[in-house]
Every structure is written in structure tokens, then in C-alpha cells.
């Protein structure tokens, strides 16, 4: 069997050898070049236990691949041979025969050995191809972590320069220029705010050079004289080095299998078990040297500094632009929630201050009115007094008052301001991070896509030359598309069925509580039904969120997108649709359907035979909507977002460490190297869960804010914790992600903009149809005798003759109130039983319905127009950034001209003899 001669085989069961003084299984695969030797002679070697370096302490570990290694079988085989020899001796002495080995077990072991050998050969081929690409490697197998082998990869200077030129990475040149500040009123105010908020800035050291900036230019090996290469070790930072190595890993192929495999396929087939770049150093060691990770841990991932700004520049430097943009967006969103939370609290306090002056709630709480209401359910429920709904009516006024309309308009404009503020912030970050000319080009095709293309070409029996032009078409994906559509529709129907099941639960539990003989249960029926129903909805939402996320990924894999970007966008869209429907379907039902599909006394609408649809309280469904929003929002934030993010990573980390003896765990942690410590950290799964969590919260804050003005306050408090929680998770709990360049937040901005537009329409319908704002307005200006709301409650109640109940639906206890009831009241606009059209919709109903739709149209158009005006008024690109970008372009041209003039001058000095002018020779074939 072929064996890699560059790896040195060392028995794994050798013990008692000092690791630092022995080779073990770590072998440097590349000899040192003369350049590296000269540089390393002047530098002090780094300690591999503290820093991510090779064993020589000079070459940095840019990437790590891990793989599974089989435990050595030599000991077992030797023991079996010795046993066999002993048994033969025993046989000679007349004792029993030795046991015969099981053929099936032996063949199974042979298959396992063949599988291990096949994986090893594929790894060796892949690693040989990496060496041909210029990478240097060092191997380490099973020294401290049983069953795990490490392949440490280092990119030399020549490889970094070559790949940086291919990737068109912008690197800082030797030219610096002073960042001038304008004298406009806005810029003066900005400088004043910077001085005022100086104590809130993190102490990361990079703010000392904010007045000057390096000119950046795409790296070129031919123009190395433009760049400051005095310190080659720090010219490419660790983030850039790991991203360069990852690009090489994606391009390198392994051809030993039936089809060509890249690093993604090798990971998926178990050839390698994980791949990750390394963190810079330790964070918990007091004597550890200062590194970017330690600074982030102290100045970012700490709850004690929740009031400070985030070090966005350092986050981008350490984790890359994509992660930096996420935390920058989260910071802007949280900052913008402050004014929204303040206004929401003011609206809530206004409701608290005016609750005693609210005429409708005063009329409901007035016992002198003696209004008898119709039963809330058949048979078990009896007549009840309207005064018993006093508490619900007073609580509803806290969220259903005149200030609610103002707050809905304010939040629509707030959403427009937030989107514009983020666009400007994003442009400013693009300038600071040298991404102004960056274009996100299409990446390499995914391994699954290439595999399906290969199978298609084999089916068509095309030549290899023609197979390169084969691609998957819509016809090839049609079965997947049909499966996706049917599955998505089915899952949305499942969500609707779950909501309907909770409705049946509320109806049945209300009937059961009315039939209960316990006075405590009968006195708190509404509160019990509302709260338990909301909690059940919350539990189902949390469970189904995980199910829908897994189904969305399965459907996206079935679709076989071509590139990683396309895969991510399709996955985001499917996940968003399913999770949005899961979170908001119960809320939409409460806001727009509950209490409107119930019929009337004597002619109720029934479902599944005997279940009567539930109706709202007299003060409307707004209070129940508020309770559902509050429990769902707080529950998702506390349980799903925070507890899961804290608990699940710790549990996974314990499971990864379960193979190690707990007695030696503490001693082992002291001797583990950086790549071994990072092996026990959780894998980075992307930013989609973080974004999805915030997008759903943004929907909670904007879509139904008219019914819950405290939503921005709860979101603000959650995000303050969320930022530090995510920071701690990224710095301490997760492996370092691959640095990905990005100039925007991608499809998430489109979803945010869509939600902000839909929020205007939803809030218009909530104010019109869910609250009593329009009925109060119509009554006050059309039907009130004195122009006030006196008599409004009586105006909203219709009459019903109790003799018109359907047989079997009348109350079992008609004398529950102590007197005979002939006529009861119910909330609706219908003609009385003594009119010519009994129980038909009255003229007031149609007048109020027309007013509701008129308000929706007026509110929607006015707010949309105001939002578009704000969008037009605020430019997307700040004026100072536009001037600085133009200045940078001029300085780059000036730098090139100076360098060219310098070259001509040096050539003239070296060869002062004049040269005759001659024409450019033509190229020859």
C-alpha cells in the first residue's frame, strides 16, 4: 500500500516521552526557506502552547483540519498471538483447545480496516495537492485527544501574495492621508457628540489613529513597492491568512473517489471531521500576552460594559466584514430602539393617567347601569353582568387610546428612519473598511451541484469536453420545486391547524371552568383561558421553529442551488416564511378573526359539531392580543434566544469532552495547544439564526405595535443583553469563523424593508378593526347628543330576546343572577328583535364599516407618503463620505504618477546617454 514518505510513523502507544522534546507525530512537511531562516533568526519563537504556531514557534497556523484516527490494533494482535502460542503449549500439556476466531467478526474488522485505509489514502492525496499549491503542513495524531488527528496548515509569504492578487484583496499602501473634518453644522454636531460620548467608547486602541487613513489598493506582486512591507508577518493579519487558505482548500480537489471531491465533500463524507481557523490566544490567563481576542473579551464580551459602544472595527478585523456588519446592524437597531421605547412608555403612561377619565370604561364599571349580557357559551354558561368586565375594560384603555394612533404613525416613520440610518452607516463602514469598489462575484459551484451535474452528464453519455457545459435547468429541478411548494403549503396548513387546535382548547376549557363547582376557577375564567392559551402557543412556536428550520434546510438541499450565496438566500427565504407564519399566525387570528366569525345569539356559528367560536370581551380583542404578544415576545427572547444560546453550547461542549477522563481534564487543559483547545469549541453555523431572531423581533415591534406600545422597550432590553451574549458566544464558545467579505447585509435588508411596508397596512387594520377607535370616533361625531362619549357603551350593544335561543342552547341556570331575564345584550350593531328586520345589521354597522375602510386607506397613503418623503429627504451616501471617496481616487492616481516619475528618474540616472526615439515593435507570432 502506498505510503506518504514525508510523514514519519511513530507508535501511538509510546508513553513517558516529553512532548516538547520528542517529535511525537508532529512532522514539519516543508523545509525552511532561506528567507524564513533569516527572519526567524531575529525573532523570538512563539510558545505553541499559548499561540497558534507550529512547533518551531515561527510559522503561524493559518488553518486546521481534523480527522478520525483508528486506535492501534498492534496490542490486540500481539496479545492474541501470545494467547495462541500459550494455548498451543497448553494443548501440548493436554489442556482444552483455544477458541476459534469468528469469521464474520474477522471480515467486519477487515472491512473497517479497508475503509480506514481508503480514507487515509484520500487524505494523503489531498494533502499532496495542497503541498503542490505551496502550503506547508504539520501533522499531529492522538497525543492528547484520543481518536483525533490534526493537520496544521501554514501559508508562506509567496502563497499569500499570489492568492491576495487572485482575490483582489485591498491592502494598505505606504501612503497615508489626513482625514479632514468639514465645518458644516451637522459635522460640528457629530464631533461634539463624539466628545460627549467619549466615556462610552471601548478602549481598544484603534481610535487613536482616527484622523489618518492608509490608502488601499488591490494587492499586486508587480506593484509591491506601493505597499508597506517592512513587517511581512503583520502585513496579512490572521483573518486574511485564514481566508486565503480556505480559498485554496476550496479549489484543491481529490480525484481518488468515483467523483472529484473538494474540502466540502471531504468533510461531508467523513474524510475530515472538521475544519476551522484558530483563535489568536487565551483570554482567561492573566499573564497571557495582549491579543485581539483578549481585548474583545474584556471590552466587548462582558455584561458589565453593556452601556458602551461596540468596537466594530476590531470585530471586523478579527471576525471579518460579514460578522462585523451583523454586529454593526444590531448596534444601530438597538440604538434606534431607544427613542421608540421612550415614546412607547410615554403612550403607556398616558393610558395609565387617563384611565380614570375614560368615559366608556367608567360606564362599564358603573353598577347603576345594570346591563345583563348574553351567555358566553351554550348551556354551561349563564347570564352575566357587564360590570364584571370592569377590570378588562380599564386595562384595555392602557393600550387602546387616542395616543395609539399617534404611536402607530410614529413607528412607521421610525422604521423609515431606521432603514435610512442603516444605509448611511453601511456606506460609512464600506469606506472605512475599503469595500467601496468591492463586488460580490459568484463563488465556486457547490460540491452537491457539481455532483448532480456529473450524474447528468453521465446519463447523457457525453464526452468530458461536453460535460463541462452541462448545468442543471428548471426542468431538472422541477420535482424539487413541486416538492417544495407542496411541503411549504402543507406546513402552513399545519400551522393553521395548530392555531385552530388552541382555539378549540380555549373554547372547551372555558366551558369546563363554567361547569366547575370551585368558586376560584369560576371567578378567573377569562384570565385563566387567555394566559394558558398564550403559553401553549408559545411552547408550540418554540418547538415548531426548530422543526421548520430543519425542514427548510432539507428543502434547500433538495433544490441543489449552484453557489453558496444562492443556497444561503434560498434557505433564508424558506426559513423566514415558515417561522414568520409560525410566530404570527396566532397573533393574526386574535387581531383580525377572533370575535368576527361567531354569528349572534340564537344563530351562532359552530365548528366540529358542537364547538361555538369564541368571542372577544366587551372591550374588544386588543387586550388579548396584547397578552399574546407580550408572552410570545418575552418567551421567545428569554427561552429560545437567551437560555438556549447559553445552555445548548455548554451542553455540546460537555458532550465533546466526555471522552476525556474528568480527573485529568484540568491537567490536560494546562497542556493543550491552541488548536486542541479550539477543537472543543462549538462549530460556527453562520449568522442566519442570529439575523432570523432579530427579524422576527423587528416584526413584533413594528407589525402590531398599535396594540402593544411597550414592545420597543422589551426589544431594547433584550438586545442590550443579546449583544453581549452573542459577543461572549463568538469569543469564548465558538470556533473562529471564516472571514467573509461583504459590503451589505444581503437579503435581510430586503426582508426588513418589506416588513416596514407591511407594518403600515397591518397597524392601519389593527386601529380600524381590532380597537374601538373608529366606533368611538363615529359615535362622538355622528350619534352622540352632546358630542361626547356618554352613552357609547349602550350604543355598541344590541338586544336579544331569550325566547329565541335554539333548543338545547339556553342556560342551565337561567336564575343565576337572582331574577328572570327576558332580554340580554350582546356586542354588535344589529336591529332589535321588535324591529321590522330583527337581528339584521343596522345602519350604524354599515356607517362604521365604511369609516373603518376609509381610515385604512387614508392612514396607509398618508404614512406611506411620509415614509417616502423621509426616504427622499435623507441621502443614502453621506456627503463627507462621498468627498473622501473622491479624494482617495485622486490620491491613488497621484501616488502612481509619483512612483512612475521616480522610476524614470532612476533609469535616467543609471543611463544618462540619450536614447533615440523609435516606434514600438510589432508582436510576432
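The values are calculated or read from the model by the stated rules, or taken from the named source; none is laboratory data. Please read all numbers here as calculations on a predicted model, not as lab measurements. Cβ sites come from the backbone with ideal geometry, for glycine too, and all protein chains shown count toward neighbours.
Here residue 509 does not fit the description of being in a helix (DSSP H, G or I), at pLDDT 80 or above and surrounded by fewer than 14 Cβ atoms within 10 Å (Cβ to Cβ).
Of the residues that sit in the range 277-323 and are under 20 Å from the mean Cα position of the chain (by Cα) and not in a loop (DSSP other than H, G, I, E, B), which one is nearest to residue 238 (Cα to Cα)? For the range 277-323, the residue satisfying everything is 318.
Just checking, does the range 230-246 include any residue being closer than 19 Å to residue 155 by Cβ, part of a loop (DSSP other than H, G, I, E, B) and within 24 Å of the chain's Cα centre (by Cα)? The answer is no, given that none of the residues of the range 230-246 is closer than 19 Å to residue 155 by Cβ, part of a loop (DSSP other than H, G, I, E, B) and within 24 Å of the chain's Cα centre (by Cα). Is at least one residue of the range 348-366 assigned by TED's automatic domain parsing to the domain that holds residue 612, surrounded by fewer than 19 Cβ atoms within 10 Å (Cβ to Cβ), without any contact (Cβ under 8 Å) to a residue 40 or more places away in the chain and not in a helix (DSSP H, G or I)? Looking for residues that are assigned by TED's automatic domain parsing to the domain that holds residue 612, surrounded by fewer than 19 Cβ atoms within 10 Å (Cβ to Cβ), without any contact (Cβ under 8 Å) to a residue 40 or more places away in the chain and not in a helix (DSSP H, G or I), one finds at least one in the range 348-366, hence yes. Here residue 730 clears all of (1) surrounded by fewer than 20 Cβ atoms within 10 Å (Cβ to Cβ); (2) in contact (Cβ under 8 Å) with a residue 12 or more places away in the chain; (3) over 24 Å from residue 796 (Cα atoms) except the condition numbered (1). Count of the range 172-196 residues, restricted to those that are outside any helix (DSSP H, G or I) and at pLDDT 75 or above, is 7.
If you check 793, 766 for being part of a helix (DSSP H, G or I), buried (at least 19 other Cβ atoms within 10 Å of the Cβ), at negative phi and not assigned by TED's automatic domain parsing to the domain that holds residue 312, only one passes: 793. Only residues that are at pLDDT 85 or above and either in contact with a strand residue (DSSP E or B) (Cβ under 9 Å, 6 or more places away or on another chain) or on the phi > 0 side of the Ramachandran plot (or both) were counted across the range 228-241, and they come to 5. In the range 769-789, the residue that is nearest to the chain's Cα centre (by Cα) out of those that are buried (at least 16 other Cβ atoms within 10 Å of the Cβ) and part of a loop (DSSP other than H, G, I, E, B) is 771.
For the range 618-637, residues that are in contact with a strand residue (DSSP E or B) (Cβ under 9 Å, 6 or more places away or on another chain) and over 14 Å from residue 503 (Cα atoms) total 3. If you filter the range 733-752 down to residues that are touching a strand residue (DSSP E or B) at 6+ places or on another chain (Cβ under 6 Å) and more than 27 Å from residue 580 (Cβ to Cβ), you find that the one that is surrounded by the most Cβ atoms within 10 Å (Cβ to Cβ) is 735.
Considering (1) outside any helix (DSSP H, G or I); (2) buried (at least 20 other Cβ atoms within 10 Å of the Cβ), say which one residue 712 fails and leave the rest. For residue 712, the failing item is (1).
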